[in-house]
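**Student:** There's a structure below that I have some questions on.
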Amino acid sequence: MIDDERPVLDNHLHLDPDNHRGIDAVRDFVRVDGTHMLVVNKPSWHLGVEADAGEDFRPVFERTLEIVADASAELPGRAWPVLGVHPGLISRLVDERGYAPEEAREIMRGGIDVAAEYVESGEALALKSGRPHYAVDDDVWSASNAVMRRAFERGADLDCAVQLHAEGGEDLTEVTEWAEEAGLPAHRVVKHYAGGRLEGPIPSVIGEKDELERAAERGEPFLMETDYIDDPDRPGAVLGPKTVPRRVAWLLENGYDDAVRNAHVETPKRVYGIDTESTLERA
Ligand SMILES: [Zn+2]
């Protein structure tokens, strides 16, 4: 059981009320004492958007803002949107749609720029970028890195965090060095779908017990997430929306109170500037 005053944040999930569970997934999260969530827009092509320019991402972002408002209405805390371009899009643009890597780079940079407009206006909290987690050709790799660096530049301009989708491993200091060169401090870079130990970005640790224990024992800033994808075609592919609250309860049972506070209060404040305590009003 989680006490009433305790914020429980899922740092990265997707909601798709048009195709799958949507707000029902939020209700499941609340039922097990979840309070706050960062909702990341689904990959554009999952919503039927075949982008040829940055502006084409706008309907994807607009729909995400509506979903976040609906989610906030259900939560004892609130939801915030994280907007950006999924790095896997580059393969779709180059391999399936015939764009050169440099052209794909410009389309994706354009999407980052549009996402940044929503951060600037205060409608979105943070940006999402990254690079493929699978092996790609050198020109696709350098185009992907250029997109990610654009996100760092925009993050620096706007003083906002950048969530990354990137390859596995425990050292991404190369990437946070690029962020710092662009003016974005390393602690504003978050690696989504991370293990419990990571050098460079703040790890957003996937809700598996062994990785969470590793992060808790390490004592460095971390976040917790499910990467719930709310996709009817892949129902068992990822963790469900109840996972973060259940893992919080499990961490508390095992005496990791400080780690829970780290992941749900202190690190969200440090990375995003959000206050998960003052925004929590349980009935
Ligand atoms: Zn995701």
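**Student:** Going through the range 159-174 one residue at a time, which ones are touching a Phe, Trp or Tyr at 6+ places or on another chain (Cβ under 9 Å) and either among the β-branched types (Val, Ile, Thr) or outside any strand (DSSP E or B) (or both)? Before the answer, list the steps.
**Tutor:** Applying the first criterion (touching a Phe, Trp or Tyr at 6+ places or on another chain (Cβ under 9 Å)) to the range 159-174 yields 160-162, 165-168.
Once the filter is applied, which keeps residues that are touching a Phe, Trp or Tyr at 6+ places or on another chain (Cβ under 9 Å) and either among the β-branched types (Val, Ile, Thr) or outside any strand (DSSP E or B) (or both), the range 159-174 yields 160, 161, 162, 166, 167, 168.
**Student:** With respect to the numbered conditions (1) buried (at least 19 other Cβ atoms within 10 Å of the Cβ); (2) hydroxyl-bearing (Ser, Thr, Tyr); (3) at pLDDT 95 or above, which one is the sole condition not fulfilled by residue 91?
**Tutor:** (1)
**Student:** If residue 227 satisfies all but one of (1) more than 26 Å from residue 64 (Cβ to Cβ); (2) under 15 Å from the mean Cα position of the chain (by Cα), what's the number of the condition it fails?
**Tutor:** (1)
**Student:** Consider residue 273 carefully, then state whether it is more than 24 Å from residue 28 (Cβ to Cβ) and within 21 Å of the chain's Cα centre (by Cα).
**Tutor:** Numbers: more than 24 Å from residue 28 (Cβ to Cβ): yes; within 21 Å of the chain's Cα centre (by Cα): yes.
When the stated conditions are applied, residue 273 passes them.
**Student:** Right, something else. Among (1) without any contact (Cβ under 8 Å) to a residue 24 or more places away in the chain; (2) away from the ligand (no atom under 16 Å from the Cβ), there is one condition residue 174 misses while meeting the rest; what is its number?
**Tutor:** (1)
**Student:** Can you tell me which residue in the range 64-86 is nearest to the chain's Cα centre (by Cα), limited to those that are assigned to a loop (DSSP other than H, G, I, E, B) and more than 16 Å from the ligand (Cβ to nearest atom)? Give the derivation first.
**Tutor:** In the first step, residues of the range 64-86 are kept if they are assigned to a loop (DSSP other than H, G, I, E, B); the result is 75-78, 85-86.
Cutting the leftovers down to more than 16 Å from the ligand (Cβ to nearest atom) gives us 75-78.
Numbers: 75: 18, 76: 20, 77: 18, 78: 15 Å.
Per the criteria, the residue is 78.
**Student:** What number of residues within the range 159-177 are farther than 15 Å from residue 85 by Cα and either of a type in the set (Asp, Glu) or buried (at least 18 other Cβ atoms within 10 Å of the Cβ) (or both)?
**Tutor:** Of all residues in the range 159-177, those farther than 15 Å from residue 85 by Cα come to 159-160, 167-177.
In the following step, the residues that additionally are either of a type in the set (Asp, Glu) or buried (at least 18 other Cβ atoms within 10 Å of the Cβ) (or both) were identified as 159-160, 167, 170-172, 174-177.
Adding up the residues that qualify gives 10.
**Student:** With (1) in contact with a Leu (Cβ under 9 Å, 6 or more places away or on another chain); (2) crowded, with 22+ Cβ neighbours inside 10 Å; (3) under 23 Å from residue 37 (Cα atoms) as the list, and residue 104 as the residue in question, which single condition is left unmet?
**Tutor:** Just one mismatch for residue 104, condition (3).
**Student:** Continuing with the same structure: Please count how many residues of the range 11-34 are hydrophobic (A, V, I, L, M, F, W, C), part of a loop (DSSP other than H, G, I, E, B) and away from the ligand (no atom under 16 Å from the Cβ). Before you say what the answer is, go through the steps one by one.
**Tutor:** As a first pass, look at the range 11-34 and keep what is hydrophobic (A, V, I, L, M, F, W, C): 13, 15, 23, 25-26, 29-30, 32.
Then drop every residue that is not part of a loop (DSSP other than H, G, I, E, B), which leaves 15, 32.
From the residues that got through so far, the ones that are away from the ligand (no atom under 16 Å from the Cβ) too are 32.
Selection size over the range 11-34: 1.
**Student:** Might you check whether a residue that is in contact (Cβ under 8 Å) with a residue 40 or more places away in the chain, more than 27 Å from residue 135 (Cα to Cα) and hydrophobic (A, V, I, L, M, F, W, C) occurs anywhere in the range 225-247?
**Tutor:** Checked against the condition, which is being in contact (Cβ under 8 Å) with a residue 40 or more places away in the chain, more than 27 Å from residue 135 (Cα to Cα) and hydrophobic (A, V, I, L, M, F, W, C), the range 225-247 yields at least one hit.
**Student:** Has the range 113-128 got at least one residue that is within 16 Å of the ligand (Cβ to nearest atom), buried (at least 19 other Cβ atoms within 10 Å of the Cβ) and in a helix (DSSP H, G or I)? Spell out how you get there, then give the answer.
**Tutor:** Taking the range 113-128 and keeping what is within 16 Å of the ligand (Cβ to nearest atom), we get 115, 124-128.
From the residues that got through so far, the ones that are buried (at least 19 other Cβ atoms within 10 Å of the Cβ) too are 115, 124-128.
When the remaining residues are screened for being in a helix (DSSP H, G or I), the result is 115.
Yes, the conditions are met somewhere in the range 113-128.
**Student:** Now for a different question. So which residues in the range 87-105 are in contact with a helix residue (DSSP H, G or I) (Cβ under 7 Å, 6 or more places away or on another chain) and either in a strand (DSSP E or B) or not small (Gly, Ala, Ser) (or both)?
**Tutor:** Those that are in contact with a helix residue (DSSP H, G or I) (Cβ under 7 Å, 6 or more places away or on another chain) and either in a strand (DSSP E or B) or not small (Gly, Ala, Ser) (or both): 87, 89, 90, 92, 93, 94, 99, 101, 102, 105.
**Student:** Quick check: anything in the range 55-63 surrounded by fewer than 22 Cβ atoms within 10 Å (Cβ to Cβ), modelled with pLDDT under 95, assigned to a helix (DSSP H, G or I) and not acidic (Asp, Glu)? Explain how you work it out, then say what you get.
**Tutor:** Taking the range 55-63 and keeping what is surrounded by fewer than 22 Cβ atoms within 10 Å (Cβ to Cβ), we get 55-56, 58-59, 61-63.
From what is left, the residues that are modelled with pLDDT under 95 are none.
Checking the range 55-63: not a single residue is surrounded by fewer than 22 Cβ atoms within 10 Å (Cβ to Cβ), modelled with pLDDT under 95, assigned to a helix (DSSP H, G or I) and not acidic (Asp, Glu).
**Student:** Filter the range 178-229 for residues that are under 11 Å from residue 12 (Cβ atoms) and aromatic (Phe, Trp, Tyr); which is surrounded by the fewest Cβ atoms within 10 Å (Cβ to Cβ)? Walk me through how you get there before you give the answer.
**Tutor:** Initial filter on the range 178-229 (under 11 Å from residue 12 (Cβ atoms)): 190-194, 204-207, 223-229.
Filter once more, keeping what is aromatic (Phe, Trp, Tyr): 193, 228.
Numbers: 193: 20, 228: 27.
Among those that are under 11 Å from residue 12 (Cβ atoms) and aromatic (Phe, Trp, Tyr), it is 193.
**Student:** Collect the residues in the range 198-224 that are within 13 Å of the ligand (Cβ to nearest atom) and in contact (Cβ under 8 Å) with a residue 60 or more places away in the chain, keeping them in residue-number order.
**Tutor:** Selection gives 204 alone.
**Student:** Separate question: For residue 156, indicate whether it is in a helix (DSSP H, G or I) and buried (at least 21 other Cβ atoms within 10 Å of the Cβ).
**Tutor:** Values: in a helix (DSSP H, G or I): yes; buried (at least 21 other Cβ atoms within 10 Å of the Cβ): no.
Criteria not met by residue 156.
**Student:** Would you please name the residue that is surrounded by the fewest Cβ atoms within 10 Å (Cβ to Cβ), looking only at residues in the range 35-54 that are in a loop (DSSP other than H, G, I, E, B) and without any contact (Cβ under 8 Å) to a residue 60 or more places away in the chain?
**Tutor:** At the first step, the residues of the range 35-54 found to be in a loop (DSSP other than H, G, I, E, B) are 35, 41-43, 48-53.
Filter again for without any contact (Cβ under 8 Å) to a residue 60 or more places away in the chain, leaving 43, 48-50, 52-53.
Details: 43: 18, 48: 10, 49: 16, 50: 12, 52: 13, 53: 12.
Among those residues, the one meeting the criterion is 48.
The values are calculated or read from the model by the stated rules, or taken from the named source; none is laboratory data. Predicted model, so just to flag it, every value in this text is computed and none were measured. Cβ sites come from the backbone with ideal geometry, for glycine too, and all protein chains shown count toward neighbours.
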